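Enquirer: Below are the structure tokens for one structure; questions will follow.
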Amino acid sequence: MKRNSRLSGNRNNHNQLVFRLMLIFIAVVFAMFYMIGYTHFSEETPQFNSPLLTGLLIVVMIMFVVGTLALMAWSALRKSGSGQPFWKVTENLVPKGRIVLYTVGGVALLLIATYLFGSTDTMLINGQPYSQKGWLRLANMFIVSAIVMLVACVAAIVINWLRNRRNKTV
């Protein structure tokens, strides 16, 4: 019996298949979000939209976050059986373990710092004052952390481009 060529083969084929299935699933959920009841008006204040599938969209996002965290934990546990601490793991003379440790630690410190120093000023949302300090800090944490990480990515790209440009002229 001949096996399906898309399901057999190397690991990269499986990764591509899972990636494409995830993209299709996300595209379908967002298409449903915008096509089904997107212009539904809020019962409390009719001048604001209250899309019908907002709950589905939030559940899908939570599902992907929890799935990502579970896969990260599974991968870390699977790799930890190599007999040496994960921060000493190298591959092709690249200190892979230390890079992971510094990256995860840096992002965790950034999230903690942006949460602790986040603003708790009352905001007007949909014409109503909103003053729940925990949620205001959490929203601020995600916004500021995303901006800081995007700026760091752009800085790394520019620095790498300048370094490569300098090395080519020498």
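The values are calculated or read from the model by the stated rules, or taken from the named source; none is laboratory data. The shown structure was predicted, so the numbers you read here are calculated from the model rather than taken from an experiment. FYI the Cβ positions are ideal-geometry reconstructions off the backbone, even for glycines, and counts take in every protein chain you see. The protein model used for the area step is the full one, side chains on, heavy atoms only, and it has no ligands, DNA or RNA in it. Shrake-Rupley method; radii C 1.70, N 1.55, O 1.52, S 1.80 Å.
Enquirer: Spelling out what I want: for every residue of the stretch 139-154, take phi, set θ = phi - 60°, compute 6.51 cos²θ - 1.76 cosθ + 1.60 (Karplus), and round to whole Hz; glycine and proline get x.
Expert: Ordered by residue, 3J(HN,Hα) equals 4, 4, 4, 5, 5, 5, 5, 4, 5, 4, 5, 5, 5, 5, 5, 5 Hz.
Enquirer: Ok, one more. With θ taken as phi - 60° and the coefficients 6.51, -1.76 and 1.60, list the Karplus ³J(HN,Hα) couplings across the stretch 120-135 in order, rounded to whole Hz; mark glycine and proline as x.
Expert: 10, 5, 5, 10, 9, 10, 6, x, 10, x, 10, 9, 6, 4, x, 5
Enquirer: Report the convex hull volume per residue for the stretch 11-110, counting only C-alpha atoms, in Å³.
Expert: 147
Enquirer: Moving on. Would you please give the residues with an amide H less than 5 Å from that of S50, counting only those at least 5 places away or on a separate chain, with H modeled from the backbone geometry?
Expert: Here the answer is H40, F41, S42, since their amide H atoms fall under 5 Å of that of S50.
Enquirer: From the protein chains alone at 1.4 Å, what is the descending order of accessible area for R166, R78, largest first?
Expert: R166, R78
Enquirer: Mean residue ellipticity at 222 nm from the helices of the chain, using -39,500 (n - 2.57) per DSSP H segment of n ≥ 4 over the full residue count, to the nearest 500 deg cm²/dmol?
Expert: Only helices count here, giving -23000 deg cm²/dmol.
Enquirer: Counting only Cα, what are the radius of gyration and maximum Cα-Cα distance Dmax of the stretch 33-80, in Å?
Expert: 17.5, 55
Enquirer: Pick out, from Y115, Y130, G105, the residue whose Cα sits farthest towards the positive end of the charge dipole of the stretch 98-170, with +1 on the Cβ of Lys and Arg and -1 on the Cβ of Asp and Glu.
Expert: Farthest towards the positive end: G105.
Enquirer: For the chain, what does the convex hull of the Cα positions come to per residue, in cubic angstrom?
Expert: Dividing the Cα hull volume of the chain by its residues yields 252 Å³.
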